[in-house]
Structure formats: structure tokens, C-alpha cells
Amino acid sequence: MRFLEDVWVGNSSLETSFQRLFSLSANQEQKVEEVGVWEGPEWQWRLQWRRNKFEWEFEMVINLLQCITRAYVKRYISDIQVWGGGGTREVYGEFSIHMSSKEIEWDTAGCF
């Protein structure tokens, strides 16, 4: 899954929810697994920016970090999404991540 462009936390992509930060991000087109590192047993996000942020942009960065730190990143697990439903969108066992993400109920308290 792409970190900014795909829906993987909340109800919309980070690109949509944080448009200003998306334009500043040097992480465009990267997968979730490419935007952080393992430090021992802990996952640490490593966001990169095209320029230094203005004072008023720091609150947006804090909001972004609060949203992504809710996600549980697992070590040694492939970056995939598996569909186990038998809903109306499933056709011959195939699905798109975009359509399956619409079927998931997200815990979005305080996010977006």
C-alpha cells in the first residue's frame, strides 16, 4: 500500500486528508513500509519533507503523526490487504484494494 495515496488509516487517503503536507512530502509514491524503520522492536516513522516547514504547518504534522501512530505496523508481514468477505463487490474471488477499503469500518476518532 502506498503511504500517502492509498486508504490504509482512517476513511480517506493521507493525500486527501493532509493536502498541504502531501505537496511538501518527499515520501510521495512510497509504500508504507518505506516511510519508517525498525529500531529494535519499535517501528519509527521517518517522514521527509521537500523544505523546512513553516511554524503554522507543525500542527498539521502533529495531526498526521497522531493518525499514523494508531496504525499497528507488524514486522515480517507482507504489505498486502486480504479480503475475507463475500459481499456484493466480490467477483470470482477478485477485488480491488480501493473497493475493499470502502467495506471496512475504521476507528477514526480524532482523525480526519
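Observations
- Selection count, region 20-51, where residues are under 13 Å from the mean Cα position of the chain (by Cα) and among the hydroxyl-bearing types (Ser, Thr, Tyr): 0
- Residue match in region 54-67 (condition: among the β-branched types (Val, Ile, Thr), surrounded by 11 or more Cβ atoms within 10 Å (Cβ to Cβ) and modelled with pLDDT of 95 or more): yes
Conditions tested, residue by residue: (1) within 15 Å of residue 66 (Cα to Cα); (2) at pLDDT 90 or above; (3) buried (at least 20 other Cβ atoms within 10 Å of the Cβ).
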residue	(1), (2), (3)
14	yes, yes, yes
29	no, yes, no
37	no, yes, no
45	yes, yes, no
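- Test: residue 106 is out of contact with any Lys or Arg (no Cβ under 8 Å at 6 or more places or on another chain) and at pLDDT 95 or above: no
The values are calculated or read from the model by the stated rules, or taken from the named source; none is laboratory data. Just so it is clear, the model here is predicted, and its values are computed rather than measured. Neighbour counts are summed over all protein chains in view; Cβ atoms, including those assigned to glycine, are modelled from backbone coordinates with ideal geometry.
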